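J.: After the structure tokens below, expect a handful of questions from me.
Laboratory data are not the source of any read-out in this text; all were calculated from the coordinates shown. All values derive from a computational prediction rather than experimental measurement. Don't worry about glycine lacking a Cβ; one is built from the backbone with ideal geometry, like all the others, and counts go over all protein chains shown.
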Amino acid sequence: MKNRLYAALLTGSTLWCLSVILAPLLDLAPVYEFFSRICHQDPARSWRLFGEPLPACIRCTSIYFGFAAALWLGLRTNVRWLRAALALMILEFAVARLFVDAAAIRSLSGILVGLAAAPFVQQGVEELRDSM
């Protein structure tokens with residue numbers, strides 16, 4: 001059962017990331033509509049693929065891909081890394097508002113949060129399953 005749960009989480013996160021990539025390639029309006037409910041989709045703050053903005057901003061896209069990568073890599077929970085990643089993202093957000101807004105920094109903070117958060121989500125899903 002644990003392997004099936006992990007496979008479902010891994011498959012879901014991989015398909016989530018794949019939808020981000022396929023949306024501009026295949027002009028998938030429903031994917032853009034879906035992501036508009038969870039992301040501001042500012043084209044100036046989004047990576048572009050073949051000239052079209054992705055359906056999620058740089059920070060969100062980076063979180064999603066970091067999350068999937070953590071599952072693929074089998075990373076384990078680490079509270080210190082999660083706290084550091086969240087602190088970096090908060091700092092990056094503040095710096096972006098006050099001083100400089102750099103895509104690379106937004107991307108890095110998103111990747112780190114995704115990498116650090118995924119193991120906790122996986123653990124939480126497993127604990128929910130075990131309590132049923």
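J.: Normalised by the number of residues in the chain, what is the relative contact order in percent for Cα pairs under 8 Å and 6+ residues apart?
T.: Details: 154 pairs, mean separation 35.9, N = 132.
Dividing the mean separation by the residue count of the chain yields 27 percent.
J.: Calculate the FRET efficiency for residue 16 and residue 98 from the Cβ-Cβ distance with a Förster distance of 41 Å, rounded to the nearest 0.05. Mind dumping the intermediate values first?
T.: Working: r = 32 Å, r/R0 = 0.77.
For residue 16 and residue 98, the calculated efficiency is 0.80.
J.: Still on this structure, please answer the following. Which translational diffusion coefficient, to the nearest whole µm²/s, is obtained for segment 1-77 from the Stokes-Einstein equation, given a Kirkwood hydrodynamic radius over C-alpha pairs, 20 °C and 1.002 mPa s? Can you show the working numbers first?
T.: Working: Rh = 13.1 Å.
Translational diffusion coefficient: 163 µm²/s.
J.: Here is a follow-up. Name the longest site-free stretch of the chain, where the excluded sites are chymotrypsin sites (Phe, Trp or Tyr not before Pro) in a DSSP loop with no more than 12 other beta-carbon atoms within 10 Å.
T.: Longest stretch, sites excluded: 1-49.
J.: Scan (i) 26, 21, 11; (ii) 43, 15, 12; (iii) 28, 16, 13 for the value of semi-axes √(5λ) of the Cα gyration tensor in Å calculated from this model and give just the label.
T.: Entry (i).
J.: Using a 7 Å offset from the Cα along the Cα-to-Cβ direction at both residue 7 and residue 69, what is the distance between the two label points in nm, to one decimal?
T.: 2.6 nm
J.: For residue 28 and residue 88 in one chain, what is 0.36 nm times their gap in residues minus the Cα-Cα distance, to one decimal in nm? Walk me through the numbers on the way to the answer.
T.: Values: separation 60, 0.36 × 60 = 21.60 nm, distance 3.30 nm.
So the chain would gain 18.3 nm between residue 28 and residue 88.
J.: Compute the acute angle (0 to 90°) between the alpha-carbon long axis of helix 58-73 and the principal axis of greatest extent of the alpha-carbon atoms of the chain; round to the nearest 10°.
T.: Compared with the principal axis, the helix lies near 30 degrees.
J.: Using the alpha-carbon atoms, what tilt in degrees (0 to 90, nearest 10) does helix 2-26 show relative to the longest principal axis of the chain?
T.: 10 degrees
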